[in-house]
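This report refers to the structure that appears directly beneath it.
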Amino acid sequence: MVVSWNDAADIKLFVLKAALVSAKLNVLINLGAIKNEEFISNTKTEMNKLVEEGSRIADETLQHVIDKLS
């Protein structure tokens, strides 16, 4: 797969994925200060769902952009 680094859409999608990972790390760091195990578990479950969905959307969008450019 060849990705055009000059294309703004490509760059924005890579930034989106970086933001998802950054947000996940931020949540995990902050959960370290929480003592409520049920809250921690529920938050991690929801976080993983949201990161997975966001990553899937970013991947699908990137593929759509690549298809249009090909």
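The values are calculated or read from the model by the stated rules, or taken from the named source; none is laboratory data. As the structure is a computational prediction, the values presented were derived from the model and not from experiment. Don't worry about glycine lacking a Cβ; one is built from the backbone with ideal geometry, like all the others, and counts go over all protein chains shown. Each accessible area value is taken on the protein alone, full model and side chains, heavy atoms only, with ligands, DNA and RNA left out. Shrake-Rupley method; radii C 1.70, N 1.55, O 1.52, S 1.80 Å.
For the chain, what's the relative contact order in percent, using C-alpha pairs closer than 8 Å and at least 6 residues apart? Before the final figure, lay out each step's value.
Working: 24 pairs, mean separation 33.7, N = 70.
Relative contact order, the chain: 48 percent.
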Report task. Choose one of THR61, ASN42, LEU31: the residue whose Cα lies farthest towards the positive end of the charge dipole of the range 27-70 (beta-carbon charges +1 Lys, Arg; -1 Asp, Glu; about the Cα centre). Result -> LEU31
Query - Above-threshold pairs, the threshold being 25 Å between Cα atoms, out of LYS44/LYS68; LYS17/LYS68; LYS12/LYS35 - result: LYS44/LYS68; LYS12/LYS35
Report task. State log₁₀ I(q)/I(0) for the chain at q = 0.12, 0.18, 0.22, 0.24 Å⁻¹ as given by the Debye formula over alpha-carbon point scatterers of equal weight, solvent excluded. Result -> -0.43, -0.71, -0.90, -1.00
Query raised in the report: Which value, in debye to the nearest 20, gives the size of the charge dipole of the range 12-70 about its Cα centre, when Lys and Arg are +1 and Asp and Glu are -1 at the Cβ?
Result: 200 debye
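Which percent of the accessible area of the chain is formed by carbon and sulfur heavy atoms (probe 1.4 angstrom)? Spell out each step's value before the answer.
Numbers: 3200 of 5340 Å².
Whole-percent figure for carbon plus sulfur exposure: 60.
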Query raised in the report: For the chain, with every protein chain kept in place, what is the accessible area per residue (1.4 Å probe, Å²)?
Result: 76 Å²
